[in-house]
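Reviewing the structure listed below.
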Amino acid sequence: MFRFYGELNDFLPNRRRYNAFSHTISGRVSVKDVIESLGVPHPEIGLLLVNSQSVDFSYLVQDTDFISVYPAFAQLDVKTVSRVQPEPLAEFRFVLDVHLGTLATYLRLFGFDTLYRNDYSDEELACISHTEGRMLLTRDRGLLMRSLVEYGYFVRHTNPKQQLVEILHRFRLTAETRPFERCLTCNGLLEPIAKEIILAQLPPKVREGQDLFWRCRQCGQVYWRGTHHERMQRFIDAVNQKLISE
């Protein structure tokens, strides 16, 4: 018998949500493989109990087992009990799949180290997440089921603004935001730059009306507080208000 809890039910068909159900297996098979055959990616799991005992993903399922599957806990520390939850990340850095380009831009706007390319293969994404200890964000369940992926999350919403609110809320990152510290194009850090150094790069109206500038350490793109900055600040304010209201 299986019973899935909390947000893990998002991955199950309606008839199996929030209820215990039986599932037929054949041969010697790990609990990880059975759970993922049911549609639930292993990085979403925070605690796994078999007959009320904590087990890891290699446990071989028996006919009489009652298996309770809990989501990764955002507010409750279960690391002394769980045998499936990896060590907490020291800091939240992200890598995103091809479907989440706008979300990547928004995360950079809020100051988070976020890798994104529209030509990353699934293998590259899994390797980057594994080797660099980055949280893999995706809309692809199959990608999360790759064995290399320890830190991963399936983004539920499809609207980019709602996705951003979802991620900030899910990982409790509201206090970690640092708006306008990263390049929206390449993810590099921004640093103040004297106007005279980049004068030749500026449009005439900007040369006349702006005095404060920042340049990306990585790609050299120059930023200033024009109308685009005002629009982004309104967007940031709206997202923060949404987080407060939830």
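The values are calculated or read from the model by the stated rules, or taken from the named source; none is laboratory data. These numbers were taken from a predicted model, which means no experiment stands behind them. Note that each Cβ is placed from the backbone with ideal geometry, even for glycine, and that neighbours are counted across all protein chains shown. For the accessible areas, the whole protein counts, side chains as well, though only heavy atoms, and no ligand, DNA or RNA atoms are used. Shrake-Rupley method; radii C 1.70, N 1.55, O 1.52, S 1.80 Å.
Hand me the list of strands (runs of 3 or more DSSP E) wholly inside the range 50-121 holding 2 or more residues that are under 17 Å from the mean Cα position of the chain (by Cα) and of a type in the set (A, V, I, L, M).
94-96
So which of Ala74, Ala90 is in contact with a helix residue (DSSP H, G or I) (Cβ under 7 Å, 6 or more places away or on another chain) and modelled with pLDDT under 95?
Just one listed residue meets the conditions, Ala74.
Condition first: within 21 Å of Val149 (Cα to Cα), over 25 Å from the mean Cα position of the chain (by Cα) and open to solvent by 20 Å² or more (accessible area, probe 1.4 Å). Can you find one or more residues in the range 3-17 that meet it?
No, the range 3-17 contains no residue that is within 21 Å of Val149 (Cα to Cα), over 25 Å from the mean Cα position of the chain (by Cα) and open to solvent by 20 Å² or more (accessible area, probe 1.4 Å).
Which of the residues belonging to the range 198-230 are at pLDDT 95 or above and among the charged types (D, E, K, R)?
Scanning the range 198-230 gives Arg215, Arg217.
In the range 182-204, which residues are part of a loop (DSSP other than H, G, I, E, B) and touching a residue at least 60 places away in the same chain (Cβ under 8 Å)?
Within the range 182-204, Cys183, Leu184, Asn187 qualify.
Any residue at all in the range 8-25 that's modelled with pLDDT under 95, outside any strand (DSSP E or B) and at positive phi?
Checking the range 8-25: not a single residue is modelled with pLDDT under 95, outside any strand (DSSP E or B) and at positive phi.
Go through the residues of the range 177-192 one by one and say whether even a single one is within 26 Å of the chain's Cα centre (by Cα) and hydroxyl-bearing (Ser, Thr, Tyr).
Yes; the residues of the range 177-192 include at least one that is within 26 Å of the chain's Cα centre (by Cα) and hydroxyl-bearing (Ser, Thr, Tyr).
Residues of the range 40-83 being of a type in the set (A, V, I, L, M, F, W, C) and over 12 Å from Phe4 (Cβ atoms), which ones?
Val50, Val55, Phe57, Leu60, Val61, Phe66, Ala72, Phe73, Ala74, Leu76, Val78, Val81
Looking for something farther than 29 Å from Thr24 by Cα, part of a loop (DSSP other than H, G, I, E, B) and either out of contact with any Gly (no Cβ under 7 Å at 6 or more places or on another chain) or hydroxyl-bearing (Ser, Thr, Tyr) (or both) - is there at least one such residue anywhere in the range 138-150?
no
Please identify the pairs in which a residue from the range 11-24 that is free of Cβ contacts under 8 Å to residues at least 40 places away in the same chain and aromatic (Phe, Trp, Tyr) has its Cβ atom under 7 Å from the Cβ atom of a residue that is assigned to a strand (DSSP E or B) and open to solvent by less than 50 Å² (accessible area, probe 1.4 Å), counting only partners at least 6 apart or on another chain.
What qualifies is Phe21/Phe2.
Could you list all residues from the range 145-162 that are open to solvent by 50 Å² or more (accessible area, probe 1.4 Å) and small (Gly, Ala, Ser)?
Ser147
If Arg156 satisfies every condition in (1) farther than 15 Å from Phe94 by Cα; (2) assigned to a strand (DSSP E or B) but one, which is the exception?
All conditions pass for Arg156, except number (2).
Out of the range 163-210, which residues are of a type in the set (S, T, N, Q) and either open to solvent by 40 Å² or more (accessible area, probe 1.4 Å) or touching an Asp or Glu at 6+ places or on another chain (Cβ under 8 Å) (or both)?
Thr174, Thr185, Asn187, Gln201, Gln210
I want to confirm something. Restricting to the range 62-98 and keeping residues that are hydrophobic (A, V, I, L, M, F, W, C) and either without any contact (Cβ under 8 Å) to a residue 24 or more places away in the chain or farther than 24 Å from Gly39 by Cα (or both), which single residue is surrounded by the fewest Cβ atoms within 10 Å (Cβ to Cβ)?
Filtering the range 62-98 for residues that are hydrophobic (A, V, I, L, M, F, W, C) and either without any contact (Cβ under 8 Å) to a residue 24 or more places away in the chain or farther than 24 Å from Gly39 by Cα (or both), the one surrounded by the fewest Cβ atoms within 10 Å (Cβ to Cβ) comes out as Ala90.
Quick one: which residue in Gly101, Gly142 is open to solvent by less than 50 Å² (accessible area, probe 1.4 Å) and closer than 15 Å to Pro43 by Cα?
Answer to the selection: Gly142.
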